[in-house]
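Student: Just dropping this structure here.
The values are calculated or read from the model by the stated rules, or taken from the named source; none is laboratory data. Predicted, not measured: the structure shown is a model, and the values here were computed from it. Reconstructed Cβ throughout: ideal geometry from the backbone, glycine too, with neighbour counts over all protein chains shown.
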Amino acid sequence: MFAQATPAMQTIAAALIDGDHHTVDELTQTALEEGIEALEIMDDGLIAAMGIVGIKFRENFIFVPEVLACARAMKAGMAHVEPILSDSGIEPVGTVIMGTVKGDLHDIGKNLCIMMLRGAGFVVHDLGVDTSDDEFIEAFEEYEAPILGMSALLTTTMPNMGKTIDAFIDEDLREEVKIMVGGAPVTQTFADDMGADGYGKDALECVALAKQFLEEPDEEW
């Protein structure tokens, strides 16, 4: 993945994969001072590295603590890059709303998905945990995000995914948003029964699903 990247980008990527946020912070700042474009740093350094982190996590070479360290490193680099990209008018890949459903206070899986989505170039609005139907709808109307993700870790809170989807139907908003669901107890069958547009078993599938939604024909995102 790094074969065509410059040595500077390879160094940034390696530090991120190691979860070394201090080094990523310093190297990103140095690269910008040396005139390297912010977009190159994001694409060839940070995003490329986070993609490898996701693969290593999926293949069980690393685990949640290591991924969180890498996510922290990603955030350190993006803190330098994002303001420059915003000022230059570069558009994000897409916008996603994420939240853990009502009654559920678990967020590690959701946070991993958010970090991977941001690493892939998405703007993500995190609604946190214990998110009600109304909060999901209000966020959708505020941010006009075409994609919404819901997470649940408890079997007792899983039905709230369906209730949220029903709330979007009641407000005549269902056709305007793609809804994806995930979480340890969630399955493809459950997602289908709840009326979700997609299900991802891990953070990599979450990102792939979000990209798939954006690429679907005849959709005006």
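Student: Within the stretch 153-160, does at least one residue satisfy the condition of being buried (at least 17 other Cβ atoms within 10 Å of the Cβ) and either assigned to a helix (DSSP H, G or I) or modelled with pLDDT under 95 (or both)?
Tutor: Applying the first criterion (buried (at least 17 other Cβ atoms within 10 Å of the Cβ)) to the stretch 153-160 yields 153, 157-158, 160.
Still in the list and also either assigned to a helix (DSSP H, G or I) or modelled with pLDDT under 95 (or both): 153, 160.
For the stretch 153-160, residues buried (at least 17 other Cβ atoms within 10 Å of the Cβ) and either assigned to a helix (DSSP H, G or I) or modelled with pLDDT under 95 (or both): present.
Student: Would you pick out the residues in the stretch 10-31 that are buried (at least 23 other Cβ atoms within 10 Å of the Cβ) and within 24 Å of the chain's Cα centre (by Cα)?
Tutor: Of the stretch 10-31, the ones buried (at least 23 other Cβ atoms within 10 Å of the Cβ) are 12-13, 15-16, 24, 27-28, 31.
12, 13, 15, 16, 24, 27, 28 - these are the residues of the stretch 10-31 that are buried (at least 23 other Cβ atoms within 10 Å of the Cβ) and within 24 Å of the chain's Cα centre (by Cα).
Student: Suppose we filter the stretch 187-214 for residues that are free of Cβ contacts under 8 Å to residues at least 40 places away in the same chain and aromatic (Phe, Trp, Tyr); how many remain?
Tutor: Within the stretch 187-214, residues that are free of Cβ contacts under 8 Å to residues at least 40 places away in the same chain and aromatic (Phe, Trp, Tyr) number 2.
Student: What number of residues in the stretch 1-41 are free of Cβ contacts under 8 Å to residues at least 60 places away in the same chain and either aliphatic (A, V, I, L, M) or at positive phi (or both)? Step through it out loud before you land on a result.
Tutor: Here is the first cut: in the stretch 1-41, the ones free of Cβ contacts under 8 Å to residues at least 60 places away in the same chain are 1-11, 13-15, 17-41.
Now drop any that are not either aliphatic (A, V, I, L, M) or at positive phi (or both), which leaves 1, 3, 5, 8-9, 13-15, 17, 19, 24, 27, 31-32, 35-36, 38-39, 41.
Residues in the stretch 1-41 being free of Cβ contacts under 8 Å to residues at least 60 places away in the same chain and either aliphatic (A, V, I, L, M) or at positive phi (or both): 19 in total.
Student: A further question follows. Just to verify a result, which residue in the stretch 32-45, among those that are acidic (Asp, Glu) and touching a helix residue (DSSP H, G or I) at 6+ places or on another chain (Cβ under 8 Å), is modelled with the highest pLDDT?
Tutor: Residues of the stretch 32-45 that are acidic (Asp, Glu), as a first pass: 33-34, 37, 40, 43-44.
Now narrow it down to the ones that are touching a helix residue (DSSP H, G or I) at 6+ places or on another chain (Cβ under 8 Å): 34, 40, 44.
Working: 34: 96, 40: 93, 44: 92.
Among them, the one singled out is 34.
Student: If you go through the stretch 32-40 one residue at a time, do you hit one that is crowded, with 22+ Cβ neighbours inside 10 Å and not small (Gly, Ala, Ser)?
Tutor: Checked the stretch 32-40: no residue is crowded, with 22+ Cβ neighbours inside 10 Å and not small (Gly, Ala, Ser).
Student: Suppose we keep only residues that are assigned to a loop (DSSP other than H, G, I, E, B) and crowded, with 17+ Cβ neighbours inside 10 Å within the stretch 46-103. Which one would you say is modelled with the highest pLDDT? Talk me through it step by step, then tell me what you get.
Tutor: Going through the stretch 46-103, the residues assigned to a loop (DSSP other than H, G, I, E, B) turn out to be 59-63, 89-93, 102-103.
Then drop every residue that is not crowded, with 17+ Cβ neighbours inside 10 Å, which leaves 62, 102.
Details: 62: 93, 102: 97.
Per the criteria, the residue is 102.
Student: May I pose another question? Could you tell me how many of the residues in the stretch 130-145 are crowded, with 18+ Cβ neighbours inside 10 Å, assigned to a helix (DSSP H, G or I) and over 17 Å from the mean Cα position of the chain (by Cα)?
Tutor: Restricting attention to the stretch 130-145, the residues satisfying the condition of being crowded, with 18+ Cβ neighbours inside 10 Å are 131, 133, 136-137, 139-140, 145.
This time we only want the ones that are assigned to a helix (DSSP H, G or I), so: 133, 136-137, 139-140.
Those left that are additionally over 17 Å from the mean Cα position of the chain (by Cα): 133, 137.
Total satisfying the criteria: 2.
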